[in-house]
Amino acid sequence: MADIESRLKGDGILLLDGAMGTQLMLKGIKAGETSETWVLNRPDDVSAIHKSYFDAGADIVITNTFGATPIKLSHFGLSKKAEEINKVGVELAKSVCPDGGFVAGGMGPSGKLLKPYGDGDKDELFENFKLQSVALMEGGADLIVIETMMDLNEAEIALKAAVSTNLPVFVSITFDKKKRGYFTMMGNRPEDAAKSLIDLGARVVGANCTLRIGDMVELVKEISDASSVPVMAEPNAGSPELEDGKPKYVDGPKDFAKKLPDLISAGAKIVGGCCGTTPETTMEMRKVIDSL
Ligand SMILES: [Zn+2]
């Protein structure tokens, strides 16, 4: 059975899944409800979403554990459930994982700004990410994906915690496009982020969220030029616009997939979708990848 390391070393493109939140909304998640509770309360729906992405051709699906640190779950009175949510989150994805597929344990920001900008404490965040990564490993994750990080310092803390599991760790930062180039919310530049994350042991670095696929091409090139490891990219399908009272994302599955070759030419080896992408997007991306 192919392991993730040999896939990373090979020539092929690896396809990640698309958005989880968008699918949970279709299944009726309410505003103000935290998606991670669905791992425990609606496990069949969560597995069904993972399965729909594998069926659409994804090589890797990401668990529904983005906000499953004790610190973040504390807003919902669920801190003590953090370990369980992470473990079960992996098991749900594993239960529908086909031969040759992989399950990535998903980790996102703590929701706190580090001092002096907020009251986030380095050691406390490290302990939170450590608990989460160990639980993801114990659940059986093949790798860990740290995503949507807005602050390089926080990404570094999460990465240090995650590499202690000895699993391959992918780190994806969210950048916005400004007049003077690409920056995180905290002012980090792509090449600086890539370099310091690679120094700390990231197996893959890249970008996700905020930008549409067309706007991410140049960013991927910048990251790729600064990187000695494979690069990942998960663009958004754009901002939702209302059509007949329902949100419709500007980049439909076919529009999104049409621009995929540009992203791959810019250096992306691991590609997927963020907000607004669906199993249909994954299916169209699969067709494009198979035709390359
Ligand atoms: Zn997103």
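Just so you know, all these numbers are worked out from the coordinates, no wet-lab data involved. All values reported here derive from a predicted model rather than from experimental measurement. Note: ideal-geometry Cβ built from the backbone for every residue, glycine included; neighbour counts use all protein chains shown.
When 52, 110, 47 are checked against the criterion of being in contact with a helix residue (DSSP H, G or I) (Cβ under 8 Å, 6 or more places away or on another chain) and in a loop (DSSP other than H, G, I, E, B), a single residue qualifies: 110.
Just to confirm my filter: which strands (runs of 3 or more DSSP E) fall fully inside region 123-210 and include at least 3 residues that are within 16 Å of the ligand (Cβ to nearest atom) and either under 18 Å from the mean Cα position of the chain (by Cα) or of a type in the set (S, T, N, Q) (or both)?
On the way: elements: 143-149, 169-173, 176-178, 181-183.
Result: 143-149, 169-173.
What are the pairs, 6+ residues apart or on separate chains, where a residue within region 272-291 that is within 19 Å of residue 214 (Cβ to Cβ) and within 16 Å of the ligand (Cβ to nearest atom) has its Cβ under 8 Å from a residue that is of a type in the set (Lys, Arg) and outside any helix (DSSP H, G or I)? Listed pairs, sorted by first residue: none to list.
Looking for something on the phi < 0 side of the Ramachandran plot, crowded, with 16+ Cβ neighbours inside 10 Å and in contact with a Leu (Cβ under 7 Å, 6 or more places away or on another chain) - is there at least one such residue anywhere in region 28-35? Steps first, please.
Let us first name the residues in region 28-35 that are on the phi < 0 side of the Ramachandran plot, namely 29-31, 33-35.
With crowded, with 16+ Cβ neighbours inside 10 Å added as a condition, the list becomes 29, 34-35.
Narrowing the set further to residues that are in contact with a Leu (Cβ under 7 Å, 6 or more places away or on another chain) leaves 35.
Looking through region 28-35, at least one residue is on the phi < 0 side of the Ramachandran plot, crowded, with 16+ Cβ neighbours inside 10 Å and in contact with a Leu (Cβ under 7 Å, 6 or more places away or on another chain).
A single member of 162, 155 is buried (at least 19 other Cβ atoms within 10 Å of the Cβ) and in contact with a Phe, Trp or Tyr (Cβ under 7 Å, 6 or more places away or on another chain), and it is 162. Out of everything in region 211-249 that is in a loop (DSSP other than H, G, I, E, B) and either within 16 Å of the ligand (Cβ to nearest atom) or acidic (Asp, Glu) (or both), what residue ends up being nearest to residue 19 (Cα to Cα)? Step by step, filter region 211-249, then rank; the result is 237. Taking region 1-35, which residues are over 16 Å from residue 65 (Cα atoms) and in contact with a Gly (Cβ under 8 Å, 6 or more places away or on another chain)? Across region 1-35, the qualifying residues are 1, 2, 15.
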